[in-house]
Structures are given as structure tokens and as C-alpha cells.
1. Restricting the first residue to region 67-96 and requiring it to be under 26 Å from residue 182 (Cβ atoms), which pairs with a second residue that is part of a helix (DSSP H, G or I) meet a Cβ separation below 6 Å and a spacing of at least six or different chains?
2. In this structure, is residue 106 part of a helix (DSSP H, G or I), under 29 Å from the mean Cα position of the chain (by Cα) and without any contact (Cβ under 8 Å) to a residue 24 or more places away in the chain?
3. Kindly indicate whether residue 146 is surrounded by 10 or more Cβ atoms within 10 Å (Cβ to Cβ), in a helix (DSSP H, G or I) and at pLDDT 90 or above.
4. Do we find a residue being in contact (Cβ under 8 Å) with a residue 40 or more places away in the chain and assigned to a helix (DSSP H, G or I) anywhere in region 117-138?
5. Could you check region 149-184 and list, in sequence order, the residues that are at pLDDT below 90 and either exposed (fewer than 11 other Cβ atoms within 10 Å of the Cβ) or touching a strand residue (DSSP E or B) at 6+ places or on another chain (Cβ under 9 Å) (or both)?
């Protein structure tokens, strides 16, 4: 490369100031200076051009990339399948919980209705007993009525407790049946 030549020209002398005529009022005018001297442009150094060479991958790079792509695709496919299974299982579990809750609610409502009927029946029997005790002519007759009433109450309460126990077991079994079906599949 050739070395750039330096300019040997001398800078131009500054031009004489230009003064405008003074107006009637007393204003001072500042002189205008001449522009700085122009320096000749020096050509910029150019960078040497390098021909672009195609990147040569290491041997087997294409096969490695292909295997990596296949592994990623397989992983994505497996993830999607697992997600679908999980989604299906969650939907089934939700459905079985709703069914279980519905069955339990119906069972508890029927249990409550039966309990109210039992209380009403007990109240009716107790009122009849009180009437008969009040109508008793002797203390011995009142004691006999009380003993008979106590025995009947014990038998009735025992039967009702047995019915309630069976009913609660039936409700528990019916309410958990949908859950067993769904969760049983998940563990097998």
C-alpha cells in the first residue's frame, strides 16, 4: 500500500471582518470570522476482503444433529401423551368426586329424613306414655306403665341405631364406589 501524502498547502489567511453599517440606534456589531480552512480528505484505509468459507462441520455432525432432533421430537411426543393421560385421569377423578358427592348428599338427606321421622315417632310415643301415666289410678299402675315404656323405648332405640348404622355403611360404600373405580385404575 502506498503511504498517504500529507498536504503541504498553507492554510488560507482569515478574511477581513465584514462590518454592517450601523443603524441609527447605537448597536454594536460583532465581526464575523471566516470559516476554518478546509483540509484535504485522506482516503480511508480499506480492510482486506476475506472470502467467506463455508463452515465445515466435524465428521458425523449431521448424524448427531439428526439424532438430537429425533430425541427431542420423541420427548415432546412422550410429554404430550403423558399430559393427555394426566388430563384424562384428572377429568375422571373430578367426575367420580362429583358422583361421590352427589351420592353422599342424597344418602345424608335420606338419613336426616329418617332421623326426623324417628324423633317424631319417639315424641308421639312419649306423649302417649305421659297421658297413660297421668290417667293411672294407682302408683303401682304408673310404675308398671313406666317399666313397659322403658323396655319398649330401649328396643325401639336399639332397632333405630342398627338401622342408622346400616344406612350409614351403605352410604359410605355407595359414595366411595366411584372413587375406588377411578383410583383403582390409577394404581394398577
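1. Within 6 Å, the pairs are 92/182; 93/182; 96/178; 96/179; 96/182.
2. In short, no.
3. Yes: the conditions hold for residue 146.
4. Yes, region 117-138 has at least one match.
5. Answer for region 149-184, where residues must be at pLDDT below 90 and either exposed (fewer than 11 other Cβ atoms within 10 Å of the Cβ) or touching a strand residue (DSSP E or B) at 6+ places or on another chain (Cβ under 9 Å) (or both): just 184.
The values are calculated or read from the model by the stated rules, or taken from the named source; none is laboratory data. All values reported here derive from a predicted model rather than from experimental measurement. Quick reminder, even Gly has a Cβ in these numbers, built from the backbone with ideal geometry, and neighbours come from all protein chains shown.
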